[in-house]
Every structure is written in C-alpha cells, then in structure tokens.
Amino acid sequence: MTKVHIWLRAETKPLEERIALTPSVAEQLLQAGFKITVEESALSAIPAQAYKEIGCDIMPAHSWQSAPSDTIILGLKELSEASWPLTHRHIHFAHVYKEQQGWQDVLRRFKSGDGTLYDLEYLVDDKQRRVAAFGYWAGFAGAAVALKAFGRRQQVDGPVLPKLTSMPSKQALVDDVTNAISQLPQAPKVLVIGAKGRSGRGAVEMAKCVGANVTEWDIAETQIGGPFEDILDFDLLVNCVFVQQALPPFITLPMLTTNDIHGRRLAIICDVSCDPYGTYNPLPIYSSCTTFDEPCLRIVDGENPVDLIAIDHLPSLLPVESSEDFCQQLLPHLLQLDDLTLGVWQRANNIFIDKLGQV
C-alpha cells in the first residue's frame with residue numbers, strides 16, 4: 001500500500017539549480033513505499049531522467065497545481081508570486097515567518113485555500129535545532145564569492161564581479177578562488193561573524209583553503225552589541241549570523257561613508273544570512289538582495305568604494321553537493337511523512353498555525 005505521494009516541483013527562482021530531493025534519497029523513499037512524482041526542470045542540476053530510471057513518475061514543470069489534494073508538494077525556494085489559494089501541503093523555504101516583505105499575502109493564500117506550510121527553516125528537533133540546513137554550503141560559497149570579488153577589484157577595471165555560474169565541485173570552486181586572489185600582494189584579511197555556526201564554519205574553511213587571514217567572531221565577540229568599528233579594519237566581512245530576534249546593527253552606512261578614505265580598509269561585504277526585508281537584519285545597509293546575474297551592489301562610491309554581496313541562494317553555486325548533503329540530513333524526517341503528528345512536522349505545523357493567526 002502506498003504511504004504518501006510526494007511531488008517534487010520544479011523551482012522558479014532564476015538560476016536555482018539545487019533540488020529538494022536527490023535521486024539517492026528518492027530511491028530510499030520509494031523502497032519505503034512512498035510514491036514520488038518529479039517535475040521536469042530546465043534549471044535543476046539533476047535531470048528528470050535520473051529519477052525516471054529509479055521508478056519515479058515524471059510530469060511537466062509547474063503541473064503540481066493539478067495534483068490530488070492530499071499530495072505533499074516538496075520544493076526548496078518560495079513559490080512564485082500569485083494570489084490564487086494554496087490547497088496542498090507544502091514543504092519549502094517560504095521566508096515569511098520573520099515578517100519579510102509580502103509575508104501576509106503568502107500566508108493568506110494558505111488560509112484561503114486551507115493549505116498547510118511546513119517551512120524547511122523551522123523543522124527543528126526538541127531542542128530547537130534545525131534538522132537540515134544548507135548553512136555550511138552557504139557560508140563556503142559566500143566566502144568564495146567575496147574573495148573572488150576582492151581579488152578582481154584589485155586587478156580589473158569594470159564590474160566588480162561578472163555573472164556567476166555554478167561549479168561542478170567544491171575543489172573546482174577552491175581552485176577558482178585561489179586563482180582569483182593569486183596576484184594579490186598579501187593575503188586578504190577576512191572577518192567571519194557567526195563563525196561557530198554551520199554557515200560560519202563553511203566560510204572559515206573556504207577562507208583558510210585559499211590562504212586568507214581569517215578572524216572568527218561569534219557570540220562572545222558580539223554579545224555587547226554593535227556597531228563595531230573594528231570591522232572596518234578588515235578587507236572582507238562575511239556575515240553568517242542566524243538571526244531570530246532584532247539585534248543592534250553590526251555596521252551602518254554612516255560608519256562606512258564617514259571613514260571612506262583614511263579610516264576604512266573594508267571593501268567587500270558578503271551577507272550570507274541575507275534577510276534585508278525583515279526587521280531582524282544586523283546589516284541595515286541595503287534593501288534588496290543581489291543575484292547570480294548581478295552579484296555585487298555598490299553601497300559606497302568614491303575613491304574607496306564598498307561592494308555588497310547578498311545572494312539568498314548561495315549554495316546553488318555548488319548545486320549537486322549541497323543538495324545531496326541537505327537531502328541526506330532531511331531523509332529520516334521525510335520517512336515520517338506518513339504521520340505528520342510526529343516530531344519536526346508537528347512542531348512546524350504549530351508554528352504555521354500560530355503565524356496564520358496573525359493575518
């Protein structure tokens with residue numbers, strides 16, 4: 001008897017090559033009795049044929065809307081903007097629980113359609129620790145992009161960083177960054193804030209892999225509250241703090257502009273945490289994310305400019321490795337989808353109900 005029907009939808013976010021269910025994990029779910037439908041996707045780093053070969057049903061992209069009402073719709077990034085009601089049970093990163101821009105509109109769609117959201121960011125164990133995350137890969141890729149931008153800015157006129165494309169492997173990315181900074185007169189000074197978390201560990205590892213001079217800050221260094229003038233003494237800032245409440249800002253725009261020429265070394269900022277639309281952002285120096293097509297935003301002009309990277313799907317730089325890691329973390333909980341009153345699913349549902357009551 002089939003347990004649960006999981007429908008893996010195609011992503012709509014531009015250049016999002018990651019996938020919420022890899023073939024190796026899908027195969028284990030099939031063996032456990034789940035039915036799996038996979039949408040064809042021109043974006044995904046893993047072709048639909050790989051799923052067909054293990055016994056998944058294949059459907060056209062974005063056909064999940066006509067799936068049976070008891071189907072669980074699985075994805076990674078938020079749904080495309082629309083207004084029609086959501087009737088299914090959805091699993092994805094929705095980016096609505098911190099009152100981000102448009103959050104009420106998204107939740108109203110679930111409310112009007114009697115659908116349910118199980119937000120991947122809020123799948124937590126009984127100690128409130130996330131059970132699956134891309135954090136390590138976000139930090140690793142974020143530090144890589146920041147270092148590439150810094151190296152290029154020291155050597156090339158024109159755009160700080162051209163369009164980014166995904167890399168075939170972690171080692172290929174390390175080699176690419178190493179080449180980008182190989183001509184610098186000295187190793188870049190990198191500050192990683194949130195260095196003990198998943199994202200921070202990834203950022204620190206990347207910086208060390210390419211020989212950068214890394215300083216690690218975590219709670220002990222930031223608990224007194226910002227702003228922190230010391231940040232200006234580094235070439236690069238990589239912010240990896242997982243924020244769940246409002247914090248005093250780490251830096252401000254007046255800090256960057258007042259110290260424009262003589263008192264500031266800081267040139268590149270990468271906000272791996274990347275949440276400019278909510279009220280919890282500890283880097284209130286920008287109002288919209290950057291993209292793989294246009295990775296850098298110049299937030300301070302002049303003789304000593306500052307460029308910002310704020311891409312909210314950095315692990316897509318390494319789509320296959322990051323997807324496989326994430327899905328393996330998620331697998332034990334996917335195997336419990338036949339009883340959504342258990343563990344992480346029940347806790348995620350409780351949060352959803354609470355947030356739904358606020359719209």
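The values are calculated or read from the model by the stated rules, or taken from the named source; none is laboratory data. Computed from a predicted model, the values in this text were never measured in an experiment. Virtual Cβ from ideal backbone geometry, glycine too; neighbours counted across all protein chains shown. Calculation scope for accessible area: heavy atoms of the full protein, side chains included, ligands and nucleic acids excluded. Shrake-Rupley method; radii C 1.70, N 1.55, O 1.52, S 1.80 Å.
The lysines whose alpha-carbon is closer than 22 Å to the alpha-carbon of Lys52, local same-chain residues fewer than 8 away aside, are Lys3, Lys35. Using only the C-alpha atoms, the convex hull of region 8-56 corresponds to 61 Å³ per residue.
Surface exposure of the chain, expressed per residue as accessible area with a 1.4 Å probe, stands at 44 Å².
Give, to the nearest whole percent, the P(r) tail of region 182-338 beyond 20 angstrom, counting all Cα pairs.
The share of Cα pairs beyond 20 Å in region 182-338 comes to 54 percent.
Annotation: the antiparallel percentage among DSSP beta bridges lying fully within the chain is about 15.
Cα extents for region 279-328 along the principal axes, largest to smallest and rounded to whole angstrom: 45, 26, 15. Once the other residues with Cβ under 13 Å from the Cβ of Ala82 are scored (Lys, Arg +1; Asp, Glu -1), what is the net sum? So the environment of Ala82 carries a net charge of -1.
Here region 216-232 and region 307-339 have alpha carbon centers that stand 29 Å from each other. When the GluC sites (Glu not before Pro) in region 57-111 are filtered for DSSP coil states and for at most 12 other beta-carbon atoms within 10 Å of their beta-carbon, the remaining sites are Glu81.
Note on Lys196 and Asp126: the extension gain reaches 23.1 nm, defined as 0.36 nm multiplied by sequence separation minus the Cα-Cα distance. With only Lys, Arg, Asp and Glu charged, each at its Cβ (+1 for the first two, -1 for the last two), find how big the charge dipole of region 2-73 is about the Cα centre; round to the nearest 20 debye. Its charge dipole is roughly 140 debye. Taking the accessible area of region 112-226, probe 1.4 Å, and keeping the other protein chains in place, the carbon and sulfur fraction comes to 46%. P(r) tail for the chain: Cα pairs beyond 27 Å make up 48% of the total. Bridges between two residues of region 226-359, per DSSP, are antiparallel at a rate of about 35%. In sequence order, region 20-27 has phi-based couplings of 7, 8, 7, x, 5, 6, 4, 4 Hz under the Karplus curve 6.51 cos²θ - 1.76 cosθ + 1.60, θ = phi - 60°, and Gly or Pro positions carry x. Each principal axis of the Cα cloud of region 240-295 was taken in turn, and the coordinate range along them, longest first, works out to 34, 31, 17 Å.
Once the mean of 1/r is taken over each pair of separate Cα atoms and inverted, region 251-344 shows a Kirkwood hydrodynamic radius of 16.1 Å. Mean projected area of the convex hull spanned by the Cα atoms of region 68-107, taken over all viewing directions: 2.9 nm². Please list log₁₀ I(q)/I(0) at q = 0.10, 0.13, 0.15 Å⁻¹ for region 1-120, using the Debye equation with identical point scatterers on the alpha-carbon positions. Log10 I(q)/I(0), no solvent term: -0.30, -0.50, -0.66.
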